[in-house]
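J.: Okay, handing you the structure first.
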Amino acid sequence: MNPTHNRKKDMTRDQIVKAAIQVFGGKSFLEANISEIAQKAEVAEGTIYQHFKNKEDLLFFIPRERTAAFCEGLELHLQGIQDASNKLAKFAWYYLYFFKENPEYARIAMLELRVNKNFQKTKGYRLFRGWSDTLLDIIKEGQEEGTIRADMDLHIIQELLLGVLEHYVTRWLLKDEKWDLLEFRGHAVDLVLNGIRARDVQGTQGEVARKEKPAEIMSARKKTFKNKQMV
């Protein structure tokens with residue numbers, strides 16, 4: 001096939017996907033329709049069906065492009081970081097940063113795809129979770145170097161961290177993005193990381209923490225969570 005034709009086809013598909021992210025991210029999947037996407041992409045409805053079987057097929061394709069962008073950015077931000085605990089902290093920061101910067105995709109990923117059983121059977125889902133291998137590698141590295149507890153299954157640690165991050169991104173979306181998603185990492189994510197650090201590492205950091213002023217710490221935490229109205 002003509003390379004020029006292939007490039008044009010890919011550009012049209014990317015144009016459709018970008019329009020779909022805006023439409024699906026602005027309303028629920030059930031409320032959105034192909035005609036809206038076609039109008040925003042400035043293509044005929046029939047052109048969309050040349051690339052995708054139906055609306056659901058288009059929805060399930062979206063993570064392929066976004067996951068690639070996520071992984072590329074994650075790899076960049078992890079460069080130069082040696083300690084596994086610091087890599088986990090950076091992973092958590094980047095995870096929240098990525099969804100904060102891409103709220104439309106965040107709504108699609110958290111409110112549509114993550115709870116869709118059909119999506120979990122697709123290639124898009126495997127790509128959607130593909131970056132989790134990077135997280136597992138970091139956890140394994142930490143267990144081998146002695147900074148992360150070796151008595152915990154690495155998959156449990158993975159799900160624990162992802163569960164916390166996914167929960168707060170979802171809460172952020174349901175609260176209409178009224179607070180800074182990145183401010184959360186300093187408290188709750190640190191709590192998770194402290195729970196999975198090796199005991200000798202915890203002891204060292206615990207001594208430092210005890211030297212801080214308890215009243216000031218509690219005051220700051222109460223103020224932070226009160227402002228965010230997380231419960």
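J.: Please determine, by comparing only the residues of the range 89-121 that are farther than 16 Å from LEU182 by Cβ and either in contact with a Pro (Cβ under 8 Å, 6 or more places away or on another chain) or of a type in the set (A, V, I, L, M, F, W, C) (or both), which one is surrounded by the fewest Cβ atoms within 10 Å (Cβ to Cβ). Full working, then the answer.
T.: Of all residues in the range 89-121, those farther than 16 Å from LEU182 by Cβ come to 104-105, 107-121.
From what's left, either in contact with a Pro (Cβ under 8 Å, 6 or more places away or on another chain) or of a type in the set (A, V, I, L, M, F, W, C) (or both): 108-111, 113, 115, 119.
Numbers: ILE108: 22, ALA109: 23, MET110: 19, LEU111: 18, LEU113: 23, VAL115: 10, PHE119: 17.
Going through the qualifying residues, I end up with VAL115.
J.: Being closer than 28 Å to GLU56 by Cα, assigned to a loop (DSSP other than H, G, I, E, B) and touching a residue at least 12 places away in the same chain (Cβ under 8 Å) narrows it down to one residue among GLU177, GLU112; which is it? I'd like the intermediate steps shown before the answer.
T.: Working: GLU112 fails: assigned to a loop (DSSP other than H, G, I, E, B).
Answer to the selection: GLU177.
J.: Mind counting the residues in the range 28-45 that are exposed (fewer than 13 other Cβ atoms within 10 Å of the Cβ) and either on the phi > 0 side of the Ramachandran plot or among the basic types (Lys, Arg) (or both)?
T.: Residues in the range 28-45 being exposed (fewer than 13 other Cβ atoms within 10 Å of the Cβ) and either on the phi > 0 side of the Ramachandran plot or among the basic types (Lys, Arg) (or both): 1 in total.
J.: Can VAL43 be described as without any contact (Cβ under 8 Å) to a residue 60 or more places away in the chain, among the β-branched types (Val, Ile, Thr) and outside any helix (DSSP H, G or I)? Working first, answer last.
T.: Details: without any contact (Cβ under 8 Å) to a residue 60 or more places away in the chain: yes; among the β-branched types (Val, Ile, Thr): yes; outside any helix (DSSP H, G or I): yes.
Here the answer is yes, as VAL43 does meet what is asked.
J.: If you don't mind, there's one more thing I want to ask. Look through the range 117-156, keep the residues that are touching a strand residue (DSSP E or B) at 6+ places or on another chain (Cβ under 7 Å) and in a helix (DSSP H, G or I), and return whichever of them is farthest from ALA92 (Cα to Cα).
T.: GLY142
J.: Which residue is surrounded by the most Cβ atoms within 10 Å (Cβ to Cβ), if the candidates are limited to the range 172-182 and must be modelled with pLDDT of 90 or more and closer than 12 Å to PHE99 by Cβ?
T.: Only one residue fits best here, namely TRP172.
J.: Also, quick follow-up: Sort through TYR125, TYR105, TYR94 and tell me the only one that's among the hydroxyl-bearing types (Ser, Thr, Tyr) and in contact with a His (Cβ under 6 Å, 6 or more places away or on another chain). Outline the logic, then answer.
T.: Working: TYR125 fails: in contact with a His (Cβ under 6 Å, 6 or more places away or on another chain); TYR105 fails: in contact with a His (Cβ under 6 Å, 6 or more places away or on another chain).
When all the criteria are applied, what remains is TYR94.
J.: So ILE139 ticks every box in (1) more than 11 Å from the chain's Cα centre (by Cα); (2) aliphatic (A, V, I, L, M); (3) surrounded by 15 or more Cβ atoms within 10 Å (Cβ to Cβ); (4) over 22 Å from HIS187 (Cα atoms) but one. Which box is left unticked?
T.: Of the numbered conditions (1) more than 11 Å from the chain's Cα centre (by Cα); (2) aliphatic (A, V, I, L, M); (3) surrounded by 15 or more Cβ atoms within 10 Å (Cβ to Cβ); (4) over 22 Å from HIS187 (Cα atoms), the odd one out for ILE139 is (4).
J.: If you don't mind, there's one more thing I want to ask. Quick test for you: out of PHE91, PHE98, pick the one residue that is in contact with a Gly (Cβ under 9 Å, 6 or more places away or on another chain), assigned to a helix (DSSP H, G or I) and among the aromatic types (Phe, Trp, Tyr). Step through it out loud before you land on a result.
T.: Numbers: PHE91 fails: in contact with a Gly (Cβ under 9 Å, 6 or more places away or on another chain).
Being in contact with a Gly (Cβ under 9 Å, 6 or more places away or on another chain), assigned to a helix (DSSP H, G or I) and among the aromatic types (Phe, Trp, Tyr) holds for just one of PHE91, PHE98, which is PHE98.
J.: For PHE24, indicate whether it is buried (at least 17 other Cβ atoms within 10 Å of the Cβ), under 21 Å from the mean Cα position of the chain (by Cα), assigned to a helix (DSSP H, G or I) and without any contact (Cβ under 8 Å) to a residue 40 or more places away in the chain.
T.: On the way: buried (at least 17 other Cβ atoms within 10 Å of the Cβ): yes; under 21 Å from the mean Cα position of the chain (by Cα): yes; assigned to a helix (DSSP H, G or I): yes; without any contact (Cβ under 8 Å) to a residue 40 or more places away in the chain: no.
No: the conditions fail for PHE24.
The values are calculated or read from the model by the stated rules, or taken from the named source; none is laboratory data. Note that the coordinates shown come from a computational prediction; the quantities given were computed from them, not determined experimentally. In this analysis, Cβ positions are derived from the backbone assuming ideal geometry, glycine residues included, and neighbour counts consider all displayed protein chains.
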